Structure formats: structure tokens, C-alpha cells
Amino acid sequence: MTDQRKAVIVRWPGQDASVETGPAALLAAYHLRTEAEKGRAVAEVDGLPERYRAEVLDPATAFSDAVVLLALSEDTAVGCLVVTAPVGGRSELKRLWTDPALRGRGIASGLVRAALAHCAENGVSTVRLSVWKWRTAALALYERLGFTVTESWDERDQLVCMEHAV
């Protein structure tokens, strides 16, 4: 029998002090997988590019101006999403990651919906994101949630840029 408990979405750091590690392990998994998918596999966090390593080692500092949402199953972080501070009425979603063993349970969509609600409550008019074109499940999720492909603001090859009016 599989564990079917629902994940609860919270803002980190938040009132739940039992989630000491916050998003660090999730960010490590995200960056290690992304580097592997780009053909630059590294075995450990120490091998990540400095900016990504900094996010893993000190997410509170790396995302000090952002809102970090966590999906919790009991006191374990099983998903994360970063919402950047608004600039010119726009915020960006970054680092959406769900524990692979728990995918298909609505955790990622719950995180994105919570991010959109947060943006609406804070006067953001447009939410944008970028996703690698090979992440077809993520692209499908974003499209289901109302994001549309838009002209790229990023020069990296194979990156799809998307927006959602709030």
C-alpha cells in the first residue's frame, strides 16, 4: 500500500520550526538532475556551478528577497518552488521540484497554485517562468495551469519561456 497523505503548502521559513533543512535537499536534487540533463553530470553538490551551490548550501541567503514555498508531508519537505520579488509588476517562478517518489499526487500543481495566489495577493500582474524544453511533464503542467509560451527573455538554447496573467 502506498502512502497517500496530502502535502501541505507552507512559506519557508515559516512557523513550522521542525523543517530545519527547508528546501536544501530538494534544491540539490533539482540542480544535480538539471546539470545531468544538460550533459554536465556532477555527483555531488560540490561539483555544481557556484551560483547553484550557493542556493543549496544557504537557501535563506540565496533567496532572501524571494518567497520560498514548501510542500510538506508531516515534517518532511517533499516539494519546493521559489517566487521572486516583483519587479515592474512581474514575478518569476523558479526551482519547482517534487520528490520523484511522490510525483503524480498534485504537489507541483499545488505549489504553482499557491504561488499564483501569493502573487495575486501582492499586486503582481504577470508571473513568468522558464523551463527546459525536454521537461515535457513540466511544460504540460504549466500549460494546464494557464501559462502560455512567450518570446524568450533568456538567451540559453532550449529554454522555453512562459507567462501567466494574474
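Under 6 Å between Cβ atoms, at least 6 apart or on separate chains: pull out the pairs that start in segment 71-90 with a residue that is surrounded by fewer than 17 Cβ atoms within 10 Å (Cβ to Cβ) and end on any residue that is in a loop (DSSP other than H, G, I, E, B) and charged (D, E, K, R).
ALA85/ASP65
Taking into account only those residues within segment 59-75 that are more than 16 Å from the chain's Cα centre (by Cα) and not in a strand (DSSP E or B), which is farthest from ALA28 (Cα to Cα)?
Step one: of segment 59-75, the residues more than 16 Å from the chain's Cα centre (by Cα) are 61, 73-75.
Of the ones still in play, those that are also not in a strand (DSSP E or B) are 61, 74-75.
On the way: THR61: 15, GLU74: 21, ASP75: 19 Å.
The residue in question is GLU74.
Just give me the residues in segment 119-166 being at negative phi and among the small types (Gly, Ala, Ser), in sequence order. Write out each step before concluding.
Here is the first cut: in segment 119-166, the residues at negative phi are 119-122, 124-145, 147-157, 159-166.
If the condition is that a residue be at negative phi and among the small types (Gly, Ala, Ser), then ALA120, SER125, SER130, ALA137, ALA138, ALA140, SER152, ALA165 are the ones that fit.
Condition (residue is in contact with a Phe, Trp or Tyr (Cβ under 9 Å, 6 or more places away or on another chain), within 14 Å of CYS161 (Cα to Cα) and at pLDDT 95 or above) applied to segment 109-128: is it met by at least one residue?
yes
Being farther than 16 Å from LYS94 by Cβ and either touching a residue at least 40 places away in the same chain (Cβ under 8 Å) or not hydroxyl-bearing (Ser, Thr, Tyr) (or both) is the filter here; which residues of segment 114-144 pass it? Even if it seems obvious, please write down each step before you answer.
First, pick out the residues of segment 114-144 that are farther than 16 Å from LYS94 by Cβ: 117, 120-123, 125, 133-134, 136-137, 140, 143-144.
Hits for segment 114-144 are ALA117, ALA120, GLU121, ASN122, GLY123, SER125, LYS133, TRP134, ALA137, ALA140, GLU143, ARG144.
Taking the criterion of being of a type in the set (S, T, N, Q) and assigned to a loop (DSSP other than H, G, I, E, B), would at least one residue in segment 76-97 satisfy it? If you could, list the steps in order and put the result at the bottom.
Restricting attention to segment 76-97, the residues satisfying the condition of being of a type in the set (S, T, N, Q) are 76, 84, 91.
When the remaining residues are screened for being assigned to a loop (DSSP other than H, G, I, E, B), the result is 84.
Yes: one or more hits.
The values are calculated or read from the model by the stated rules, or taken from the named source; none is laboratory data. Note that the structure is predicted; figures quoted are calculated from it, not measured. FYI the Cβ positions are ideal-geometry reconstructions off the backbone, even for glycines, and counts take in every protein chain you see.
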